[in-house]
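The values are calculated or read from the model by the stated rules, or taken from the named source; none is laboratory data. Because the structure is a prediction, the values reported are computed rather than measured. Cβ placement follows ideal geometry from the backbone for every residue including glycine, while neighbour counts extend to all protein chains displayed. For the accessible areas, the whole protein counts, side chains as well, though only heavy atoms, and no ligand, DNA or RNA atoms are used. Shrake-Rupley method; radii C 1.70, N 1.55, O 1.52, S 1.80 Å.
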Amino acid sequence: MADKVLMKGNEALAEAAIMAGCKHYYGYPITPQTEIAAYMARRMPKVGGVFLQAESEIAAINMVIGSAAAGKRTMTSSSSPGISLKSEGISYLAGCDLPALIVNVQRGGPGLGGIQPSQADYFQAIKGGGHGDYKLIVLAPNSVQETVDLTFKGFDLADKYRMPVMLLSDGTIGQMMEPVSLNQSKNATYDKSWAVTGTYGKRTKNIVNSLCLRPEELEEWNKARYERYNKIAKEETLYEEYLTEDAEICIVAFGIASRVSKNAVNAGRKLGIKAGMIRPITLWPFPNEVLAQTAKRVKAFISVELSMGQMIDDVKLAINCSRPVTLCSRSGGMIMSPEEILQKIIEVDGGKQ
Amino acid sequence: MIVFEKPKSLVDMPMHYCPGCTHGIIHRLVAEAIDELGIQHKTIGIASVGCSVFAYNYFDCDMVQAAHGRAPAVATGVKRANPENIVFTYQGDGDLASIGTAETVHAAARNENITIIFVNNAIYGMTGGQMAPTSLPGQVTQTSPYGRDTTQVGFPVKMCEMLSKVDGATYLERVAVNNVRNVRNAKKAIKKAFQNQVEGKGFSLIEVLSTCPTNWGKNPLDSLKWQEDNMTPYYPLGVYKDSTKEEK
């Protein structure tokens with residue numbers, strides 16, 4: 001186990017990406033993710049990699065497409081408005097079956113919004129910001145250490161399933177400093193025989209393409225992709241349970257909201273309320289099964305989110321609306337306090353203290 | 001002795017291009033240049049969106065199909081990943097000079113070591129003949145049914161002239177393929193644009209004036225004449241920048 005160092009979330013993410021073998025980074029400055037670009041600008045030349053500040057978010061994601069098509073581990077990072085711009089390219093990555101890591105350090109929206117932390121890009125990440133039938137694997141860290149771990153994992157999942165993976169961070173996780181271990185996980189090797197690297201007379205040409213004008217064929221492509229998605233849903237769903245065995249009220253929260261929620265759960269327990277929490281680590285695939293099982297035991301759910309309420313829809317779907325689901329949310333860059341969540345817990349518990 | 005044969009870098013298959021369209025000639029010139037430089041094995045082409053969207057089927061080398069206007073950015077990613085590869089884009093006027101203007105200008109500004117083949121036929125062909133950024137003043141199209149009104153929609157974009165002011169660009173030439181002499185010149189220019197990349201000299205763009213008999217509503221011969229009489233005066237042929245010469 002390597003020694004721990006104190007690092008900012010965004011910088012730890014950047015270093016983890018390089019350690020995971022990403023030598024091609026393309027990005028554009030936007031708060032609050034710019035530390036990633038700045039770190040890459042410093043480090044990439046030292047490790048023989050490529051850092052390129054693109055002329056736009058759109059160009060950056062298309063450069064990612066190019067390097068991914070050429071078989072390289074590659075990534076881009078941005079914050080909410082920038083991800084909207086990249087959405088076209090993300091759809092193309094999915095349509096071309098290309099692996100890449102896209103980082104969204106979320107800020108408040110819509111429009112130009114603000115620069116404070118938010119989770120309001122949940123729908124964009126999970127329901128598809130771009131056009132067409134596709135999914136992203138969406139990873140939601142709640143600490144600097146988990147940001148590092150999920151960066152490694154994100155590249156592996158992208159290569160394993162030949163698809164874009166999104167790391168959905170936020171302004172808090174990206175900006176805060178925590179002790180972190182950057183111990184290198186073992187890199188598996190992945191088949192990249194499909195990449196465009198020149199035939200060198202040894203094979204027929206490779207084509208990276210998402211165009212298909214025959215609808216019966218395009219439907220087959222999409223069905224095949226969704227078979228892969230179904231396999232991912234079965235095998236790659238990640239979540240953390242906290243005090244759920246005897247819980248009567250179950251919070252569902254991810255990212256920074258789960259850190260605040262944990263304090264609220266502990267405070268509730270002190271008051272004698274049996275609160276617990278399920279924290280999705282993969283937002284897609286969503287931990288439907290554990291939520292459905294938990295619904296059989298608990299009285300109610302509370303979805304705690306930094307948005308006007310987006311994940312709450314998926315919680316309701318997961319439990320088939322078999323229990324009441326209440327929203328506890330702040331928006332626009334505001335973060336709820338543990339007390340606000342505790343109040344909601346008390347309210348859902350029946351208001352008795 | 002074989003004096004004329006199909007270039008190795010073209011796949012032997014029917015093309016979807018309309019009769020009389022000059023895409024076929026331009027494809028052939030690109031393939032000949034790749035063959036003659038002996039780079040087919042390490043060349044990667046980037047197809048764009050427009051009539052040449054299926055170029056990934058026609059060139060016999062590794063290919064990527066890019067989103068509309070994004071080919072220079074995709075080419076940048078491919079080239080930066082493996083600089084030993086020879087990377088070219090093949091784009092039309094809507095793709096390169098309208099929706100992809102930024103990608104074009106900034107690839108030039110970076111002197112990205114790639115080759116761009118820019119086919120300018122002053123119209124959107126694939127979608128059925130709408131006004132292009134390069135449609136001529138007064139030109140009647142589906143979306144300029146009363147003729148391109150420059151007071152309302154502005155003037156055509158002259159890419160070679162514009163890019164000639166970009167410090168980074170290495171080689172810019174406008175050619176045409178409407179007669180034998182011009183085809184021979186076009187071939188020389190295209191080959192030089194690839195040769196520059198082989199030698200690491202940087203960004204080369206060849207603008208090829210082309211025709212669209214179908215959407216211009218003219219037969220192939222009249223189209224060649226219309227191009228010569230109307231497009232060539234507005235878009236004069238010639239070398240707009242050659243910093244490989246300045247280096248000597």
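Taking Cα atoms, how many degrees apart are the long axis of helix A:80-95 and the longest axis of chain A, rounded to 10 and kept between 0 and 90? For helix A:80-95, the angle is close to 60 degrees. Take every DSSP beta bridge whose two residues both sit in chain B; close to 25 percent of them are antiparallel. The amide H of residue B:87, built 1.01 Å from its N in the peptide plane, has B:44, B:115 as neighbours under 5 Å, considering only residues 5 or more places off or on other chains. Peptide B:37-43 shows a mean partner chain C-beta count of 3 within 10 Å per residue C-beta.
The listed residues B:63, A:334, B:13, once ranked by accessible area (1.4 Å probe) with the largest placed first, stand as A:334, B:13, B:63.
Between chain B and chain A, the total buried accessible area stands at approximately 2600 Å², from heavy atoms with a 1.4 Å probe.
Computed from Cα positions, the angle between helix A:338-349 and the longest principal axis of chain A comes to roughly 60 degrees. Residue pairs exceeding 27 angstrom between C-alpha atoms, taken from A:72/B:241; A:160/A:223; B:191/B:218; A:316/A:344; B:6/B:187; A:23/A:234: A:72/B:241; B:191/B:218; A:23/A:234. Taking every alpha-carbon pair under 8 Å whose residues sit at least 6 apart, segment A:5-235 reaches a relative contact order of 23 percent.
Amide H to amide H, with H built 1.01 Å from N, residue A:302 comes under 5 Å of A:250, A:251, A:252, A:326, counting only residues 5 or more places away or on other chains. Given in Å, the Rg to one decimal and the Dmax to the nearest whole number for the Cα atoms of segment A:34-101 are 11.8, 34.
Counting only heavy atoms of the protein chains and using a 1.4 Å probe, residue A:210 has close to 40 Å² of accessible surface. Volume per residue for chain A equals 142 cubic angstrom (convex hull of Cα atoms).
Centre-to-centre, using Cα atoms only, segment A:90-167 and segment A:208-244 are separated by 15 Å. When chain B is treated as a GNM with alpha-carbon contacts under 10 Å, the residue of B:197, B:142, B:40 showing the greatest mean-square fluctuation is B:142.
Remark: segment B:168-180, residue by residue, has Karplus-estimated 3J(HN,Hα) of x, 4, 9, 9, 10, 9, 10, 10, 9, 10, 8, 8, 4 Hz, where x stands for each Gly or Pro and the curve is 6.51 cos²θ - 1.76 cosθ + 1.60 at θ = phi - 60°.
DSSP beta bridges fully contained in segment A:5-235 are about 20 percent antiparallel. With one equal scatterer per alpha carbon and no solvent term, the Debye-computed log10 I(q)/I(0) for segment A:1-52 at 0.16, 0.24, 0.25, 0.30 1/Å reads -0.44, -0.91, -0.96, -1.23. Convex hull volume of the C-alpha atoms in the protein assembly as shown, normalised per residue: 172 Å³.
With respect to chain B, whose longest principal axis is taken over its alpha-carbon atoms, helix B:71-81 is tilted by about 10°. Estimate the FRET efficiency between residue A:224 and residue A:263 by the formula 1/(1 + (r/R0)^6), using the beta-carbon distance for r and 51 Å for R0, to the nearest 0.05. Approximately 0.70, to the nearest 0.05. Put B:153, A:325 in order of accessible area, highest first, and with a 1.4 Å probe you get B:153, A:325.
Above 19 Å, the calculated P(r) of segment A:205-353 contains 56 percent of its Cα-Cα pairs.
Over the protein assembly as shown, with every protein chain in place, what whole percent of the accessible area is carbon and sulfur at 1.4 Å, could you tell me? In the protein assembly as shown, the share of accessible area belonging to carbon and sulfur is 54 percent.
The residues of segment A:5-235 expose, per residue, 37 Å² of accessible area to a 1.4 Å probe. Scanning chain A for chymotrypsin sites (Phe, Trp or Tyr not before Pro) lying in DSSP loops with no more than 16 further Cβ atoms inside 10 Å, the longest uninterrupted stretch between such sites is A:1-189. The alpha carbon convex hull volume per residue for segment A:141-213 rounds to 142 Å³.
Close amide-amide hydrogen proximity is noted between residue B:144 and B:131, each under 5 Å apart and 5 or more residues distant or on a separate chain (H modeled in the peptide plane; Pro and chain starts excluded). Remark: chain B projects, on average over all directions, an area of 13.1 nm² (convex hull of Cα atoms).
What share of the DSSP beta bridges in the protein assembly as shown is antiparallel, in percent to the nearest 5? Antiparallel bridges: around 25 percent, rounded to the nearest 5.
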